[in-house]
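Report on the following structure.
The values are calculated or read from the model by the stated rules, or taken from the named source; none is laboratory data. Small disclaimer: the values here were computed from a predicted structure and weren't measured. Note: ideal-geometry Cβ built from the backbone for every residue, glycine included; neighbour counts use all protein chains shown.
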């Protein structure tokens, strides 16, 4: 039996298009690689890796069982608290932003402005927000909460407005034709309809914020980040490793619970 | 005319859920010492800092921002490249519907999960201890971070492909590599490219802050100036990198829309 061969015909124009695309991409990657000098590993690297591995085998259990304010359980709880509060703050603020960005609520022109504002917020790094808020409220968990609360608007506002834009407009029109005020329309037609999606997105953002909250401590905005970075910088590997392990475990458990709830919602 | 009143059903379970969620939110706010009144009272301090940063920023410094910014973009490109390259084969292993062997896909997924839970910042500071201060450590951290991100998204798309094409090839007696090449890859490649671009966007933002722990890029310049309290220069760095990130996001999301 002969093989069936299907030949593709490619025009010269298509070849040129591909060469430009793939060649450009390859050049870009090459340009990137040439700019990253490899200076070899540190002279101390072997020792570092060895003590890192021994840190994995013998993590600092006394830190885990330290129930005071300096212990690991407190830092993890604080991280979770920052993530929860930050997510809650941003979910509440995101609703007006989302309404402002929804075409079917405020019209085409205003919604473009709203969408642009949300994009601006999304692009602004949360670590820098955290630094700004530290100067406002001082170092500590509240600065982290504010940073997460503002930064998350960028994502939640976008997802919320997409949910609002794809809702069934019949309910809204029914209320309006009965003479419902705009507040009544919002609370009795718009929000009840989109609330399962809103809650689901909020939970998803909570999972992301849990990860973000664990790095915010780096700049002094509370949570597990500060002790972790301090342990890594002072090469206290047994302590760093117990923090990483507990962090990975906590984040995984929260992910699991949250994604299970989300599956039940939508 | 009488009003029509629809009585709400009493729902114990719903109320319990609402109550516990409220308790969780209030509890964490109290635990973290979050006091909105205090924050509003402190707002004038923040205004002063913003004034020192942006009114006006030290524009003469902008020439010195360009080269670390290019380094940041380079880090993001190279990190995305290695991450995406390694993610594709691993995603195939992690997808439950190709090998159909839970003994491979389940452990691979578990490892991917662990990768995704370690923040890029922590990875970077670990690699700074091994490779020293500089962009190389940042690239290694970004590669691993991207690998975790893209492989998860890709294996989920592999599981969601149209299985008809696979079955068509199977009924012709094709083996696994051929099924992969002619039925699975063509279906997921556009999505994979789109995830790679998305990873690139995330990486540009991540690379911009990685320097804070010494892993190269604009973050390092940022940290220096912040430590020296040169707030007007910090303002320039924020403004310029913000604009660059915005442009990259815009271009990349435009391409992504065309891909999928």
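As an exercise: evaluate residue A:211 against (1) out of contact with any helix residue (DSSP H, G or I) (no Cβ under 6 Å at 6 or more places or on another chain); (2) buried (at least 18 other Cβ atoms within 10 Å of the Cβ); (3) farther than 30 Å from residue B:227 by Cβ and give the number of the one condition it does not meet.
In the conditions (1) out of contact with any helix residue (DSSP H, G or I) (no Cβ under 6 Å at 6 or more places or on another chain); (2) buried (at least 18 other Cβ atoms within 10 Å of the Cβ); (3) farther than 30 Å from residue B:227 by Cβ, residue A:211 misses (3) alone.
Of all residues in the stretch B:38-71, which are surrounded by 13 or more Cβ atoms within 10 Å (Cβ to Cβ), within 22 Å of residue A:32 (Cα to Cα) and either within 10 Å of chain A (Cβ to nearest Cβ) or more than 29 Å from the chain's Cα centre (by Cα) (or both)?
B:70, B:71
Inspect the stretch B:154-173 for any residue being under 30 Å from residue B:128 (Cβ atoms), touching a helix residue (DSSP H, G or I) at 6+ places or on another chain (Cβ under 8 Å) and in contact (Cβ under 8 Å) with a residue 40 or more places away in the chain and give the result as yes or no. Steps first, answer last, please.
Here is the first cut: in the stretch B:154-173, the ones under 30 Å from residue B:128 (Cβ atoms) are B:154.
Keeping just the survivors that are touching a helix residue (DSSP H, G or I) at 6+ places or on another chain (Cβ under 8 Å) gives B:154.
Add one more test, that the residue is in contact (Cβ under 8 Å) with a residue 40 or more places away in the chain, and what stays is B:154.
The answer is yes, given that some residue of the stretch B:154-173 is under 30 Å from residue B:128 (Cβ atoms), touching a helix residue (DSSP H, G or I) at 6+ places or on another chain (Cβ under 8 Å) and in contact (Cβ under 8 Å) with a residue 40 or more places away in the chain.
Sort out for me the helices (runs of 4 or more DSSP H) sitting completely within the stretch A:32-116 that have 3 or more residues that are touching a residue at least 60 places away in the same chain (Cβ under 8 Å) and over 27 Å from residue B:139 (Cα atoms).
On the way: elements: A:45-57, A:61-64, A:72-100, A:103-106.
Answer list for the stretch A:32-116: A:61-64, A:72-100, A:103-106.
In the stretch A:137-147, which residue that is surrounded by fewer than 23 Cβ atoms within 10 Å (Cβ to Cβ) and touching a residue at least 24 places away in the same chain (Cβ under 8 Å) is farthest from residue B:30 (Cα to Cα)? Steps first, please.
Let us first name the residues in the stretch A:137-147 that are surrounded by fewer than 23 Cβ atoms within 10 Å (Cβ to Cβ), namely A:138-140.
Next, only the ones that are touching a residue at least 24 places away in the same chain (Cβ under 8 Å) stay: A:139-140.
Numbers: A:139: 16, A:140: 13 Å.
Applying the filter and picking the extreme gives A:139.
What's the total number of residues in the stretch B:207-236 that are in a helix (DSSP H, G or I), within 9 Å of chain A (Cβ to nearest Cβ) and either out of contact with any helix residue (DSSP H, G or I) (no Cβ under 6 Å at 6 or more places or on another chain) or within 21 Å of residue B:134 (Cβ to Cβ) (or both)?
Just the residues of the stretch B:207-236 that are in a helix (DSSP H, G or I), to begin with: B:207-213, B:218-227, B:231-236.
Filter once more, so that each one left must be within 9 Å of chain A (Cβ to nearest Cβ): B:208-209, B:212-213, B:219, B:222, B:226, B:234.
Those left that are additionally either out of contact with any helix residue (DSSP H, G or I) (no Cβ under 6 Å at 6 or more places or on another chain) or within 21 Å of residue B:134 (Cβ to Cβ) (or both): B:208-209, B:212-213, B:219, B:222, B:226.
Residues in the stretch B:207-236 being in a helix (DSSP H, G or I), within 9 Å of chain A (Cβ to nearest Cβ) and either out of contact with any helix residue (DSSP H, G or I) (no Cβ under 6 Å at 6 or more places or on another chain) or within 21 Å of residue B:134 (Cβ to Cβ) (or both): 7 in total.
Which helices (runs of 4 or more DSSP H) does the stretch B:88-195 wholly contain that include 1 or more residues that are modelled with pLDDT under 90 and within 25 Å of residue A:227 (Cβ to Cβ)? Full working, then the answer.
On the way: elements: B:102-117, B:120-131, B:135-159, B:163-171, B:176-179.
Fully inside the stretch B:88-195 and qualifying: B:102-117, B:120-131.
Could you say which residue among A:134, A:153, A:105 is modelled with pLDDT under 90, buried (at least 20 other Cβ atoms within 10 Å of the Cβ) and within 30 Å of residue A:169 (Cβ to Cβ)? Can you show your working first?
Working: A:134 fails: within 30 Å of residue A:169 (Cβ to Cβ); A:153 fails: modelled with pLDDT under 90.
Being modelled with pLDDT under 90, buried (at least 20 other Cβ atoms within 10 Å of the Cβ) and within 30 Å of residue A:169 (Cβ to Cβ) holds for just one of A:134, A:153, A:105, which is A:105.
Looking at residue B:34 and the list (1) within 13 Å of chain A (Cβ to nearest Cβ); (2) surrounded by 14 or more Cβ atoms within 10 Å (Cβ to Cβ); (3) assigned to a helix (DSSP H, G or I), which single condition is not satisfied?
Unmet condition: (3).
Just checking, which of B:104, B:184, B:118, B:188 is more than 14 Å from chain A (Cβ to nearest Cβ) and closer than 28 Å to residue A:253 by Cα? Even if it seems obvious, please write down each step before you answer.
Working: B:184 fails: closer than 28 Å to residue A:253 by Cα; B:118 fails: more than 14 Å from chain A (Cβ to nearest Cβ); B:188 fails: closer than 28 Å to residue A:253 by Cα.
Residue meeting the stated conditions: B:104.
I'd like to check something: does the stretch B:24-32 contain any residue that is out of contact with any helix residue (DSSP H, G or I) (no Cβ under 9 Å at 6 or more places or on another chain), over 23 Å from residue A:134 (Cβ atoms) and at pLDDT 85 or above?
Taking the stretch B:24-32 as the starting set, the residues that turn out to be out of contact with any helix residue (DSSP H, G or I) (no Cβ under 9 Å at 6 or more places or on another chain) are B:26.
Within this subset, residues satisfying the condition of being over 23 Å from residue A:134 (Cβ atoms) are B:26.
Add one more test, that the residue is at pLDDT 85 or above, and what stays is B:26.
Taking every residue of the stretch B:24-32 in turn, at least one turns out to be out of contact with any helix residue (DSSP H, G or I) (no Cβ under 9 Å at 6 or more places or on another chain), over 23 Å from residue A:134 (Cβ atoms) and at pLDDT 85 or above.
Answer with yes or no whether residue A:78 is within 12 Å of chain B (Cβ to nearest Cβ), surrounded by 11 or more Cβ atoms within 10 Å (Cβ to Cβ) and more than 30 Å from residue A:152 (Cα to Cα). I'd like the intermediate steps shown before the answer.
Working: within 12 Å of chain B (Cβ to nearest Cβ): yes; surrounded by 11 or more Cβ atoms within 10 Å (Cβ to Cβ): yes; more than 30 Å from residue A:152 (Cα to Cα): no.
Taking the combined requirement at face value, the residue does not satisfy it.
Could you say which residue among A:94, A:85 is touching a helix residue (DSSP H, G or I) at 6+ places or on another chain (Cβ under 8 Å), closer than 29 Å to residue B:196 by Cβ and modelled with pLDDT of 90 or more? Write out each step before concluding.
Numbers: A:85 fails: closer than 29 Å to residue B:196 by Cβ.
Going through A:94, A:85 in turn, the sole match is A:94.
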